[in-house]
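Encoded as structure tokens, the structure appears first; notes follow it.
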Amino acid sequence: MMPVLAEMSMFGIGIEPAVPMLLLAVVLTDILRRGLTRLRIDRAVWNWPLFMLSIYVCIAAGLVLGMRQL
């Protein structure tokens, strides 16, 4: 059974609980992108932007599905 995710209040503004996780996924994807570029993995991938989008989706899905009920 999936936990019910409650809305968080930040400075009086209601924020969905997935929003911080999606922003964290952007940061983690950027760190991973820089590391993979430094290792020259980007030259071995056929479509680099599509590859990075799929990495972002995997990271974001993992973070959102791994959330615990607060």
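A short reminder: the numbers here are calculations on the coordinates, not readings from a lab. Not measured: the values here are computed from a predicted model.
Listed values, structure above:
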item	result
Helix 48-65 vs. the chain, principal-axis angle (Cα, 0 to 90°, nearest 10)	30
Descending Cα extents along the principal axes, the chain, whole Å	45, 31, 16
Relative contact order (%) - criterion: Cα under 8 Å, at least six apart; region: the chain	42
